Amino acid sequence: MGKLIDEQGKRTDGRGPYDLRPYKLEVGMLKNADGSAYIEMGKNKIVAAVYGPKEVHPRHLVLPDRMLVKCRYHMSPFSVEERKTPAPSRREIEISKVIREALEASILVDEFPRTALDVFVEVLESDGGSRGASITAASLALANAGIPMKDMVAACAVGKVDGQLVLDLNDVEDKEGEVDMPVAYMPNLDEITLLQMDGKLTVEEFKAALNLALKGCIQLYEAQKKALYDHYFNSPKE
Amino acid sequence: MSISRKNFVVERLRKEKLMELLAKGQRLDGRGLRDYRPLSISTQMVSKAEGSAQVYLGNTAVIAGVKTSLDRPYRDTPDRGNLIVNAEFLPLASPYIELGPPNENAIELARVVDRGIRESGMVDMSKLVVKAGETVYSIFVDINVLNIDGNLLDASSYAAVAALVTAKLPEYVLSDGGTPARTGNTIQLPITTIPVSITAAKIGEYALYDPTEEEEAVMDTRLTMAFTEDGICALQKGGSGGWSPAEVMKLVEESFEKAKEIREQIRRGLGLGGQGETDQGTGS
């Protein structure tokens, strides 16, 4: 056995290989936003807010046949061990793009020509798998904003540590593991809307890893539905 | 901020014709769904670069250059050299390029090419160390896009790989005083494998390899996969649509085989022999 999985098959945080980290989802805590959601996933603490549909600025960006979706994924300077400069890094620019594409697949963009929709994701504390948690929260914020969607998007990562496939990598596993593969999935439509991977897998291992990730996404999808239900039917009236 | 892709009007008008062809297993340029365009690779055309390669994939043209310098290693990898990949869409590459710092597409391009090379272990970075913890080689790969006609990801990856394989860098050793000194010799990079990038676009229910600009304009989504001889080493889905899990699994399986074909083409283009002769000495 390696250093990331012990003799009992337990991971550094005590989980079994196919367990998600403890998570918490909340809806609608930002009053100015049209929709908002908060997720804790392990040590990840992420807020997502949605503004729109609204007018497009600058106007030359208008799409005559559909909605323009904008997305910003940003990590707070204090969200990581060593202070991160607030300016967007290349990593954040790429992640903003893949998150936008993962969410856009679920939105009925053709219903809102000539409008814009802003999706803001702020990582307050970062752990492994922050892009997956961001997508899970942002999709929930879209639902909270009442944006018409084909399905919700839930996301998590799979990886390989000490030669074994594991679900939902934490920080150490992400940094020291052999493979990291984030996946976003719309369970009702059976569509993958984000898929990235780095590290080496055989074709057979890849298939097993993808199946494991989809199981994680389905669990989070149920949690998203519960968070929405709790928000609209069980929360105390203000 | 990342924003939605613009729609191309003419390409969308031609989509109907494209869909008719796809149903018959054909494409607008006469290819089958699983065919790549002709690939041509020329190397070492820039004498002041340590390595250079120009790749044509149909009408898509990119040139990659390799430069090196001695630097401190990154703190989390004190005993490894540094690899830095950057990409630029030159304004001469298309009528639609706007000048400015690299946008999200250029950044994604560089990072996906980087991932394919890095994760494959193509260059044994542990051999690019002059003094552990203090002085290592930094290998800079700069990709210039010269003409855009779709599938920049694969073309750029092939160019970067070709430039790295053929690069010759100045050799440094530690002098008696413990400072790095040039020997006057050149060394080749320690190459262990040739990673191959394979990109498929999904249009309707069809998956087609090596999409042209016109096909990319109407695609629902895209998947870029990088393969070593043994399996898959990097993935990037792009575009605002989705793939079903069954489609992804079938595609990865088929693309692993396609990658072997393309790897042979790259090896031939680089004048390398058959399988198993990839290893090149470091000279260090």
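Observations on the model:
- Dipole of the range B:22-70 [Lys/Arg +1, Asp/Glu -1 at C-beta], most positive-end residue of B:Gln44, B:Gly30, B:Val66: B:Gly30
- Mean Cβ count within 10 Å, highest first, over the residues of peptides B:126-133, B:178-185: B:126-133, B:178-185
- Each of B:Asp176, B:Asp79, A:Asp19 was scored by other Cβ atoms within 10 Å of its Cβ. Listed from fewest to most, they are B:Asp176, B:Asp79, A:Asp19.
- Total charge dipole magnitude, the range A:23-234, about the Cα centre, Cβ charges on Lys, Arg, Asp, Glu only, Debye to nearest 20: 660 debye
- Residue exposure sequence - A:Phe233, B:Phe89, B:Phe256 - by fewest surrounding Cβ within 10 Å: A:Phe233, B:Phe256, B:Phe89
- Among residues other than B:Val141 with Cβ under 9 Å from its Cβ, the summed charge is -1 (Lys and Arg +1, Asp and Glu -1).
- Bridgeable lysines around B:Lys127 (alpha carbons under 25 Å apart, same-chain partners fewer than 8 residues away excluded): A:Lys175, A:Lys200, B:Lys48, B:Lys67, B:Lys168.
- Computed label-point distance, nm, for sites A:Asp110 and A:Glu222 using a 7 Å Cα→Cβ extension: 3.4 nm
- Gyration tensor (alpha-carbon) shape descriptor, the range A:23-234, a/c threshold 1.5: prolate
- Exercise: per-residue mean of other protein chain Cβ atoms within 10 Å, A:181-189: 2
- Helical mean residue ellipticity (222 nm; -39500 (n - 2.57) per DSSP H run of 4+; nearest 500) of chain A: -8500 deg cm²/dmol
- Here's the picture: charge each Lys and Arg Cβ at +1 and each Asp and Glu Cβ at -1 in chain B, and of B:Ala93, B:Met19, B:Cys233 the one pushed furthest to the positive end of that dipole is B:Ala93.
- Taking a straight Cα-Cα cut-off under 23 Å and skipping sequence neighbours fewer than 8 places away in the same chain, the lysines within cross-link reach of A:Lys31 are A:Lys45, A:Lys54, A:Lys70, A:Lys225, A:Lys226, A:Lys237.
- Net charge of neighbours whose Cβ lies under 11 Å from the Cβ of A:Gly129, counting Lys and Arg as +1 and Asp and Glu as -1: -3
- Residue by residue along A:92-98, Cβ atoms of other protein chains within 10 Å of the local Cβ number 6 on average.
- Three-way shape call for the range B:9-269 based on the alpha-carbon gyration tensor, with the a/c threshold at 1.5: prolate
- When only alpha carbons are used to place a centre, the range B:2-56 and the range B:147-202 end up 24 Å from one another.
- Highest-first arrangement of A:182-195, A:84-97, B:22-35, A:103-116, where packing means the average Cβ count within 10 Å: A:182-195, A:103-116, A:84-97, B:22-35
- If R0 equals 60 Å, the separation of the Cβ atoms of B:Ile84 and A:Asp230 corresponds to a calculated FRET efficiency of about 0.80.
- Candidates A:Ser89, A:Gln8, A:Ile46 compared by Cα position along the dipole of the protein assembly as shown: farthest toward the positive end lies A:Ser89, with charges placed on Cβ.
- Computed [θ] at 222 nm, deg cm²/dmol, chain B (DSSP H ≥ 4; -39,500 (n - 2.57); rounded to nearest 500): -8500 deg cm²/dmol
- Residues B:Ile262, B:Ile198, sorted so that the one with the fewest Cβ neighbours within 10 Å comes first: B:Ile262, B:Ile198
- Of every Cα-Cα pair in the protein assembly as shown, the percent that sits beyond 40 Å: 23 percent
- Highest mean packing comes first when the peptides B:42-48, A:123-129 are listed by Cβ atoms within 10 Å, giving A:123-129, B:42-48.
- Residue-count net charge about A:Asp19 - beta-carbon cut-off 12 Å; Lys, Arg +1, Asp, Glu -1: +3
- The mean count of C-beta atoms from other chains within 10 Å of the C-beta of residues in B:50-63, rounded to a whole number, is 0.
- Nearest-ten-degree value, helix A:90-104 long axis tilted from longest Cα axis of chain A: 70 degrees
Read-outs throughout are calculated quantities, based only on the coordinates presented, and are distinct from any laboratory measurement. Here the structure is a predicted model, which means the values were calculated and not measured. Glycine gets a Cβ as well: all are built from the backbone with ideal geometry, and neighbour counts include every protein chain shown.
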